[in-house]
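The values are calculated or read from the model by the stated rules, or taken from the named source; none is laboratory data. Predicted model only: the values in this text are computed from it and were never measured. Cβ placement follows ideal geometry from the backbone for every residue including glycine, while neighbour counts extend to all protein chains displayed. Note: accessible area is taken over every heavy atom of the protein model, side chains too, but ligands, DNA and RNA are not part of it. Shrake-Rupley method; radii C 1.70, N 1.55, O 1.52, S 1.80 Å.
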Amino acid sequence: MNNFVKLEPRRYEIAMPAKSGEMLFLEGDPCEHVYELRAGVARGISMSVEGYRQVTAFFFAGDQIGLPVTESYRFTAEAVTDLLYVRHSRRWWHEALIRSYREDGRLLPSICAEQDPIFRRGMILGCNGVLVRLCALLTSIVDRLPMTSDGSLFLPLPQVDMAAYLATTPESICRALRRLREQSIISMPRRDQINIIDRDRLEVFANGGIRQSGTAFV
């Protein structure tokens, strides 16, 4: 459950589609709309000072992104998978924010909620080792992954995106996933599917408690 402003459906509200790879808004452009995700996964993109593309956050169905807390968008939003979204005007969102505050007394949590995934990345990058960081990422998103028809979890994040998010290489992500499979912590029936076999151990790994014969994995 998130802390976003409750946006009441409009009478003629229409969910719009976006194809995988399509951009919703561009960092630095005027912040004119809020995007409420109804289905699919989006990523937040920023460019480093050196010009490197960084994945700063992943957003899921139910999230609101592009909040007008500044005059311009703070990151670029792209569709990871095909999306369905509703676009609300800046004015509409501000009115909903005022209503939410009057009814629930909740103002700051609504504004901070979009920032939480970006803040979480900073915490994850502080972890020691790619495997620990990957486990921290998985534990942070596992409850938001949709179920497939065969009971697995749909993991739509390309390894290149996970690598950009975790400040490493796709090869390192591949090795870390293989190690988790070897430890019987996860299974991956397909490249885009994952089963969490031992969530307790996954969370221990995410907290840095990775030991085997007294040696830490990195």
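Helices in the chain, meaning DSSP H runs of at least 4 residues, each add -39500 (n - 2.57). Divided by all residues, the mean residue ellipticity at 222 nm is -9500 deg cm²/dmol. Under a model in which nothing but the beta-carbon of Lys, Arg (+1) and Asp, Glu (-1) is charged, the range 72-161 shows a dipole of about 400 debye around its Cα centre. Exposed loop positions in the chain were taken to be GluC sites (Glu not before Pro) whose DSSP state is not H, G, I, E or B and which have at most 11 other beta-carbon atoms within 10 angstrom. Between these positions, the longest stretch is 72-218. Surface listing: Val204, Val49, Val86 arranged by accessible area from highest to lowest gives Val49, Val204, Val86, probe 1.4 Å.
Compactness of the chain is given as radius of gyration and Dmax, 18.5, 62 Å, from Cα positions. Computing FRET efficiency as 1/(1 + (r/R0)^6) for Glu203 and Val49, where r is the C-beta to C-beta distance and R0 is 35 Å, gives about 0.55. Applying 0.36 nm per residue to the separation of Ala15 and Arg90 and subtracting their alpha-carbon distance, the gain on full extension is 25.3 nm. A 1.4 Å probe, protein heavy atoms only, puts the accessible area of Asp29 near 70 Å².
Looking at the range 53-204, the accessible area is 48 square angstrom per residue; that uses a 1.4 Å probe and ignores ligands, DNA and RNA.
The slack in the chain from Arg102 to Glu27, taken as 0.36 nm per residue of separation less the alpha-carbon distance, amounts to 23.9 nm.
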